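Asker: Once you've had a glance at the structure underneath, I'll fire off some questions.
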Amino acid sequence: YEDLMLGLDAALAKFTWLDGNRAAALGASYGGYMINWINGHTDRFKALICHDGNLDERMAYFDTEELWFPEWEHAGVPWEKPDGYLKHNPIDFVKNWKTPTLVIHGGLDFRVVDTQGMSTFTALQRKGVPSRFIHFPDENHWVLKPHNSKLWHDEVLAWLDKYTKR
């Protein structure tokens, strides 16, 4: 997170044609997790887009088909190393969420199960944050089918236009 914010600051300082007042952040997989983290830690973005991102690192461990990554990232399993799963857990910062967020998730994603996206959307809705949820029941961790890809791009660009266009 800190590296991303420093990188954005450096880009804004170097490229005067960038407009920091109309910045948006998008991410998928780990990037989707990072979008949920960003939403709890800054309001500098006009819009966010979270694609297949974890909301709760604790539950994500029990839901995923890929256990190597969380065990490596968090230095073990959650019942032996709970602090690793709690240290950077976006769910603990939902109270700070306020940035309009588009949430996208594939129904056949077994890496980051779709309930993580549904939970993200539920939190946004209950907090009254402008949000939209797009569920692709026939896609996995990636949106690969041509008609779904077109819809994905149309929705992402429309969300960005809605919140960043002059």
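Asker: So Arg111 ticks every box in (1) part of a helix (DSSP H, G or I); (2) open to solvent by 80 Å² or more (accessible area, probe 1.4 Å); (3) over 21 Å from Lys165 (Cβ atoms) but one. Which box is left unticked?
Answerer: (1)
Asker: Would you call Leu151 part of a helix (DSSP H, G or I), open to solvent by 20 Å² or more (accessible area, probe 1.4 Å) and over 23 Å from Glu57 (Cβ atoms)?
Answerer: Yes, satisfied.
Asker: What number goes with the only condition from (1) touching a His at 6+ places or on another chain (Cβ under 7 Å); (2) in a helix (DSSP H, G or I); (3) open to solvent by 60 Å² or more (accessible area, probe 1.4 Å) that Gly117 does not pass?
Answerer: Status for Gly117: all satisfied but (3).
Asker: Evaluate the following for Gly27: is it more than 17 Å from Phe121 (Cα to Cα), touching a Gly at 6+ places or on another chain (Cβ under 8 Å) and not in a loop (DSSP other than H, G, I, E, B)?
Answerer: Answer is no for this residue.
Asker: Which residue is farthest from Glu57 (Cα to Cα), if the candidates are limited to the stretch 72-117 and must be among the aromatic types (Phe, Trp, Tyr) and touching a Lys or Arg at 6+ places or on another chain (Cβ under 7 Å)?
Answerer: Trp97
Asker: May I ask you to say which residue of Thr64, Thr101, Thr122, Thr115 is within 18 Å of Leu26 (Cβ to Cβ) and polar (S, T, N, Q)?
Answerer: Just a single option satisfies the conditions, and that option is Thr101.
Asker: Right, next: Run down Trp79, Trp37 and say which single residue is over 21 Å from Asp114 (Cβ atoms) and of a type in the set (Phe, Trp, Tyr).
Answerer: On the way: Trp37 fails: over 21 Å from Asp114 (Cβ atoms).
Only one candidate passes the filter, namely Trp79.
Asker: Can I ask one more? Provide a single number: the residues in the stretch 3-26 that are within 16 Å of the chain's Cα centre (by Cα) and open to solvent by 80 Å² or more (accessible area, probe 1.4 Å).
Answerer: The total comes to 2.
Asker: Considering only the stretch 80-94, state which residues are in contact (Cβ under 8 Å) with a residue 40 or more places away in the chain, out of contact with any His (no Cβ under 8 Å at 6 or more places or on another chain) and over 24 Å from His141 (Cα atoms).
Answerer: Asp92
Asker: Let me ask you something else. Tell me, which residue of the stretch 120-148 that is among the aromatic types (Phe, Trp, Tyr) and over 19 Å from Ala47 (Cβ atoms) is surrounded by the most Cβ atoms within 10 Å (Cβ to Cβ)?
Answerer: So the residue we want is Phe136.
The values are calculated or read from the model by the stated rules, or taken from the named source; none is laboratory data. Computed from a predicted model, the values in this text were never measured in an experiment. Here the Cβ is made from the backbone with ideal geometry for all residues, glycine too, and neighbour counts use every protein chain on show. All accessible areas refer to the heavy atoms of the entire protein, side chains included, with ligands and DNA or RNA removed. Shrake-Rupley method; radii C 1.70, N 1.55, O 1.52, S 1.80 Å.
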